[in-house]
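Quick note: the coordinates plus some simple rules give every number you see, no bench work behind them. Keep in mind that this is a model prediction, so the values were computed, not measured. We place every Cβ from the backbone using ideal geometry, glycine too, and count neighbours over all the protein chains shown.
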Amino acid sequence: MNKRVTIEIPEAMHKAIAEHAAKAGANTDAYVVDVIEQHLEDLHDIALAEAAMERIKNGERTYTWEEMERELGLED
């Protein structure tokens, strides 16, 4: 089920959103939903990358490209 959210934004921001939505061929609401969804996905990806970096800092084994190919039997 979808939920409605109402926010107040500056007129200039609304104008910019409407312009970008028009260029994308979307209505303003659909465009804002897409932008929010992309931002949430970016935050998720950043959290995964930060967690991986922390594991590496704490000594997790990493592999070179050549080691990975050898391990998976992908050598030429």
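Of note:
- Here Lys15 is the anchor, and the lysines within straight C-alpha reach of less than 25 Å, apart from those fewer than 8 places off in the same chain, are Lys3, Lys23.
- For a modelled paramagnetic label at Glu71, 7 Å from Cα along Cα-to-Cβ, the residues of segment 26-53 in reach, with backbone nitrogen under 19 Å, are 49-53.
- Taking other Cβ atoms within 10 Å as a rough exposure proxy, Tyr31, Tyr63 sort from fewest to most as Tyr63, Tyr31.
- log₁₀ of I(q)/I(0) at q = 0.11, 0.15 Å⁻¹ - the chain, Debye sum with one point per alpha carbon: -0.58, -0.73
- Gained length - Asp29 relative to Leu43, 0.36 nm times residue gap less alpha-carbon distance: 2.9 nm
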